[in-house]
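Step one of this worksheet: look at the structure below.
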Amino acid sequence: MSALSFQSVSKIYPPKSAGAQPLQALDQVSLDVQEGEFFGLLGPNGAGKTTLISILAGLSRASSGRVLVHGHDVQNDYAAARRLLGVVPQELVFDPFFSVREALRFQSGYFGIRRNDDWIDELLDNLGLSDKAHANMRQLSGGMRRRVLVAQALVHKPRVIVLDEPTAGVDVELRQTLWQFIARLNKQGHTVLLTTHYLEEAEALCGRIAMLKRGQVVALERTSELLRTASAQVLRLKLDGELPPALQAIARVTGRIVQLPVHNALEIEAHLAAIRAAALVAEDVEIRQADLEDVFLEVMNRSQSGALS
Amino acid sequence: MNGWQTLFYKEVLRFWKVAFQTIAAPVLTSVLYMLIFGHVLEDHVKVYDQLPYTAFLLPGLVMMSVLQNAFANSSSSLIQSKIMGNLVFVLLTPLSHWNWFVAYVGSSIVRGLAVGAGVFLMTGWMVHIQFAHPLWMAAFAFMGAAMLGALGVVAGLWAEKFDQMAAFQNFIIMPMTFLSGVFYSIHSLPAFWQRLSHFNPFFYMIDGFRYGFFGQSDVSPWTSLAVVATALLLVSTIALHLLRTGYKIRG
């Protein structure tokens, strides 16, 4: 049985004003996550990642289709489904009335767990929060509040951990701490579903990845497979000046850095020739293996042209 | 395992941590009413022929405090959690709509009765009080607080902004409590207003509560009990329905 099973999930938001189009946030999304997987859900802003997670968590209802957590329907059998889920919401929310420990005790209590302090201490310790246990939530910095959100999601030792952009706006140290901890829980058998905009994180952590675009699944593969099917290599160089239009269409440009997908030596020569012909001087030229970001852009562009034809 | 007990306890702790604002302030307001109205009207008004005005006023003020604070508790807790976004912590749990209802309404009853008791303690010494039927008193205080707690749940779910909540409170709850016979016996009103008062469920709560003190009231306590029980049942049904369907909290 799958840990998570999304079956033809669609979500249509009614039009906000008369005459406006209804918004299709999810369109027949089907995918399964197996127990023990570290699964990545990627996509640009507005692709439907958070909507999908909201439906899974019971914060929102699907317009059609259904979602199961270890076989429990998130609507009809919500209590069982939610016991198995630990969700770290994307928004940095907190209850200003209480201290960190109080918040964690309450969260345990909602799941019917009394005297959870041993596990709470372990969570605090692993997330670097031990010295903040008695601090009021209001006094904590954004990064600390983020850690508490993670701890709150884990108080009931859920079999499935769902992280919705947990590292957005978070410093390097916390990212390291967080991923070490989550990776350890994953090794112990917890299933992890992650959405993130940091593709190097997804590449490093996720065994399998789904890419969403405009509410549809446009890729669903093992991470290694995705990387393998990508354009074999990337030509990376620095330039001052405007790229020729032919190259601009396929290039990934970050300031002076230009990256071009290449499949063979001939293509490399052709690209460099085009740059020379435009009277530009390329510096720091190198060729590297494609990474997940390249694959991501390729998949997104491919599905765009696919949608047009 | 009872998750609702935790939510109930959290809700009680929430208002208790700011007790100055949630208990002491409304008690003080009622004490001021008692001092001012008592001073101005004591020698001029007698109710039920022989009852001094302050003795008549006291149960009304107590009940008004119970009702307003029961409403304020669930409604303000819900709207704050919605706007702060921290309602998500409860939304993610396996708690059922009944769990939510019992916790939010239960904590509202506690707050309402705590403020009512505070008002009673601070003003009781000013007048000679009787306790004709303590059970009636308790029944109306409890049911009134429960109904307003449930109404607070409805308002808290419905309102999307503090502005809307303030409108609900100031244009519905305040007038209905003020015009329910807290400050006067409705027999002193012109016929039209007397009839209109009979459509106000708050009137029956206060009238029934007062019966518990004096054994005297504008209408029969059984009538009041029937009206209040019906209103409580109706509002609770609505609140439970909204909680079950996740009205405005589950998209």
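Throughout, read-outs are computed from the coordinates displayed, never taken from laboratory work. Values in this document were obtained by computation on a predicted structure and should not be read as measured data. Don't worry about glycine lacking a Cβ; one is built from the backbone with ideal geometry, like all the others, and counts go over all protein chains shown.
Bridges between two residues of the protein assembly as shown, per DSSP, are antiparallel at a rate of about 70%. Structural size metrics of the range A:231-289, computed from C-alpha coordinates, are Rg and Dmax of 10.2, 28 Å.
The value given for chain A is a Kirkwood hydrodynamic radius of 21.6 Å, derived from the mean inverse Cα-Cα separation.
Mind listing which trypsin sites (Lys or Arg not before Pro) in the range A:10-59 are in a DSSP loop and have 16 or fewer other Cβ atoms within 10 Å? Can you show the working numbers first?
Working: sites: A:Lys11, A:Lys16, A:Lys49; in loops: A:Lys16.
Of the trypsin sites (Lys or Arg not before Pro), the ones in loops of the range A:10-59 whose Cβ has at most 16 other Cβ atoms within 10 Å are A:Lys16.
Within the range A:205-246, list the residues whose amide N lies under 11 Å from a label point set 7 Å along Cα→Cβ of A:Arg302. Taking a point 7 Å out along Cα→Cβ of A:Arg302, the residues of the range A:205-246 whose backbone N falls under 11 Å are A:218-221, A:226-231. Extension gain, A:Ala273 to A:Ala20, is 86.2 nm, computed as 0.36 nm per intervening residue step minus the present C-alpha separation. Working from label points 7 Å from Cα in the Cα-to-Cβ sense, the B:Arg195 to A:Thr254 distance is 7.9 nm.
When the trypsin sites (Lys or Arg not before Pro) in the range A:91-125 are filtered for DSSP coil states and for at most 14 other beta-carbon atoms within 10 Å of their beta-carbon, the remaining sites are A:Arg114, A:Arg115. Listed by Cβ neighbour count within 10 Å, with the fewest neighbours leading, B:Ser65, A:Ser224 appear as A:Ser224, B:Ser65. Per residue, the protein assembly as shown reaches -16500 deg cm²/dmol at 222 nm when only DSSP H runs of four or more residues are counted, each adding -39500 (n - 2.57). For helix B:221-245, report the angle its Cα long axis makes with the longest principal axis of the Cα atoms of chain B; keep it between 0 and 90° and round to the nearest 10°. That helix lies at roughly 20 degrees to the long axis.
Residues of chain A were split at every exposed loop site, defined as GluC sites (Glu not before Pro) in a DSSP loop with at most 16 other C-beta atoms within 10 angstrom, and the longest piece left, sites excluded, is A:92-241.
Annotation: amide H-H contacts under 5 Å for A:Leu212 (H modelled 1.01 Å from N, sequence separation of 5 or more, or interchain): A:Leu42, A:Gly43, A:Val218. Put in order of Cβ neighbour count within 10 Å, fewest first, the listed residues A:Ile12, B:Ile186 become A:Ile12, B:Ile186.
Please rank A:Lys213, B:Lys248, B:Lys161, fewest neighbouring Cβ atoms within 10 Å first, as an exposure proxy. Kindly include the intermediate steps, with their values, before the conclusion.
Working: A:Lys213 21, B:Lys248 14, B:Lys161 11.
Least to most surrounded, the residues fall as B:Lys161, B:Lys248, A:Lys213.
Within straight cross-link reach of A:Lys16, meaning Cα distance under 27 Å, which lysines are found once same-chain residues fewer than 8 apart are removed? Within reach: A:Lys49, A:Lys213, B:Lys82, B:Lys161, B:Lys248.
To check you understand DSSP bridge types, tell me what percent of the beta bridges within chain A (both residues inside) are antiparallel, rounded to 5. Once the DSSP bridges in chain A are tallied, antiparallel ones form about 65 percent.
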